[in-house]
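Working notes, beginning with the structure itself.
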Amino acid sequence: MKDKLAFKARKEGYRARSAYKLIQINKKHDIIKENDKVLDIGCAPGSWMQVVLNLNASVLGIDISEIKPLKNAKFILGDILEDKILEKIKGKFDVIISDISPKITGIKEIDKFKSSKLIGRVFEMTILHLKKNGNLVCKIFQSEDSNKILRNMKKHFKLVKIFKPMASKKRSKEVYLIAKFYKG
């Protein structure tokens with residue numbers, strides 16, 4: 001098997017190799033703490049939810065695709081781009097995480113537009129549902145828009161960084177926005 005992390009994930013019971021991205025992010029940036037209430041936007045197949053549960057935090061996942069149920073986790077099936085999904089999310093969260101990605105077409109401009117639309121919605125949901133002093137982890141793709149996103153987030157959080165976990169594939173343009181201490 002070429003992908004050692006995918007093999008390791010299967011061996012350790014994670015649903016996807018992406019679990020190690022969140023593990024590395026949390027180890028480096030201390031985003032999720034025990035007993036935190038976490039919202040996972042774009043959660044399928046559920047590997048980030050598994051990591052949250054292993055950290056003894058509670059988690060609500062949302063995705064357009066159904067996932068296999070996880071003990072002690074809640075799940076909402078729906079498209080975050082539809083307004084009715086917002087009505088299904090109740091309360092505030094200590095942490096919001098998102099590894100969401102659009103279905104890639106291979107056409108750069110279309111993929112960039114789809115990704116920007118999703119990220120915009122994640123930020124909108126963050127403003128609605130993140131507690132004051134809460135944390136956000138969100139995947140973004142390196143582009144000319146990355147710095148604009150970073151500047152915008154600095155208006156809402158006391159600390160904002162870009163981080164690429166070792167578990168991310170080297171050739172991937174994905175990086176993670178680490179935003180801590182939401183100003184509310």
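Laboratory data are not the source of any read-out in this text; all were calculated from the coordinates shown. Note that the coordinates shown come from a computational prediction; the quantities given were computed from them, not determined experimentally. As a convention, Cβ positions derive from the backbone with ideal geometry for all residues, glycine included, and neighbour counts pool all protein chains shown.
Amide H contacts for F157 (H built 1.01 Å from N in the peptide plane; partners 5 or more residues away or on another chain; cut-off under 5 Å): K183. With all pairs of different C-alpha atoms in the average, the Kirkwood value for the hydrodynamic radius of the chain is 16.6 Å.
Maximal additional length on extending the N133-K84 stretch stands at 15.0 nm, based on 0.36 nm per residue less the C-alpha distance. Checked against a 25 Å cut-off, the cross-linked pairs K131/K154; K28/K169; K4/K173; K27/K170; K74/K148; K114/K169 give Cα-Cα distances beyond that limit for K74/K148. When both segment 1-79 and segment 140-175 are represented by their alpha-carbon centers, they are found 20 Å apart. For the residue pairs K37/K112; K117/K183; K90/K139; K117/K164; K103/K164, alpha carbon separations beyond 25 Å are given by K37/K112. For segment 107-148, GluC sites (Glu not before Pro) meeting the loop criterion (DSSP other than H, G, I, E, B) and having at most 10 other Cβ atoms within 10 Å: E144. Scanning residues 5 or more positions from G61 or on other chains, those with amide H under 5 Å from its amide H are D40, K74, F75, I76, with H placed 1.01 Å from N in the peptide plane. Under 16 Å from a label point set 7 Å out along the Cα-to-Cβ vector of E66, the amide N atoms of segment 40-54 belong to 44-46.
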